[in-house]
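A quick write-up on the structure given underneath.
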Amino acid sequence: MAAAAAAEGGLVGRLVAVLETYRGRDRVVRTLCYGCQLAGGALARKDSAQAPVGGRLLALAEQLSHCRTVLRLFDDLAMLTYSCQYGLGAKEEDSVVRWLSILNNLADQLYYPCEHVAWAADAAIIRANAPKWWALSMALWGASLLLGMARSLRILAQLRRKLQTQPSSSEKLRAQAKAEALTILSNAADLANAIHWLPPGLLWAGKFPPWLVGLLGTVSSLTGLYQTYVKGSTGMA
């Protein structure tokens, strides 16, 4: 029992540590948001008697999403600092990874102001075409996700070659490969949703039911939470 209590305390302590950081809290809120959308969409779809409960869960998901949008108003400076620190990626050994990272940072940097304008237009703070700015922000997010996937695939190819030439470092290399594979999974799930939120007419834009959006978002969010947990456990940067 003492061991179980210690394990529970360690788990709770780790959760508290995650919630005390902005990124950690955002991941938890994101997971709750998509989880509510998954459950709400499933209930509203499966049984009409549970439709009111599903509707309330979908409303909660919408409010959690709005919360995250407002909090992202303060992300520009952090993103700019990261982009400036990375610069032209002089420390990267591979030029393909370097340029994919630079373009990824650029897409992320442009995403934030576009989303801010869309949010402000929706809130009637400024006069602007909100749907146009939302579509632009989604396109930038989708581009960022594609670039991130391409970067991870390139790194995976490099790690595969290193595994053949550096068997003594296989454990570390396999851990890095696993992290990149999880990044690809997370980005792919988010990319599917990003396309869904684009204006109708492009691929499956606007065709996903709420439960599917929630499922994809939950997969991505849980993957991100797991990666955060692993980094915290191993002390990886």
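The values are calculated or read from the model by the stated rules, or taken from the named source; none is laboratory data. None of these values were measured; they are calculated from a predicted model. Cβ coordinates were reconstructed from backbone atoms using ideal geometry, including for glycine residues, and neighbour counts include every protein chain displayed. Surface areas here come from the heavy atoms of the whole protein model, side chains and all, with no ligands, DNA or RNA. Shrake-Rupley method; radii C 1.70, N 1.55, O 1.52, S 1.80 Å.
Points to keep in mind about this one:
- Selection status of Leu163, at pLDDT 95 or above and either more than 18 Å from the chain's Cα centre (by Cα) or within 30 Å of Trp204 (Cβ to Cβ) (or both): no
Yes/no per residue for (1) assigned to a helix (DSSP H, G or I); (2) open to solvent by 20 Å² or more (accessible area, probe 1.4 Å); (3) under 25 Å from Leu64 (Cα atoms):
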| position | (1), (2), (3) |
| --- | --- |
| Glu115 | yes, no, yes |
| Leu136 | yes, yes, yes |
| Gly148 | yes, no, no |
| Arg151 | yes, yes, no |
| Arg160 | yes, yes, no |
| Arg174 | yes, yes, no |
| Leu191 | yes, yes, yes |
| Gly201 | no, yes, no |
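- Hey, Trp197 open to solvent by 50 Å² or more (accessible area, probe 1.4 Å) and under 18 Å from the mean Cα position of the chain (by Cα) or not: yes
- Among the residues making up region 68-112, a single one is in contact with a Lys or Arg (Cβ under 7 Å, 6 or more places away or on another chain) and among the basic types (Lys, Arg): Arg68.
- Count of region 203-230 residues which are farther than 24 Å from Gly55 by Cβ, of a type in the set (Val, Ile, Thr) and either assigned to a loop (DSSP other than H, G, I, E, B) or open to solvent by 20 Å² or more (accessible area, probe 1.4 Å) (or both): 2
- Any hit, region 72-86, residues being within 15 Å of Asp26 (Cα to Cα) and in contact with a Phe, Trp or Tyr (Cβ under 6 Å, 6 or more places away or on another chain): yes
- Leading residue by the ranking (farthest from Val97 (Cα to Cα)) among those in region 162-172 that are of a type in the set (D, E, K, R) and either touching a residue at least 60 places away in the same chain (Cβ under 8 Å) or surrounded by 10 or more Cβ atoms within 10 Å (Cβ to Cβ) (or both): Lys172
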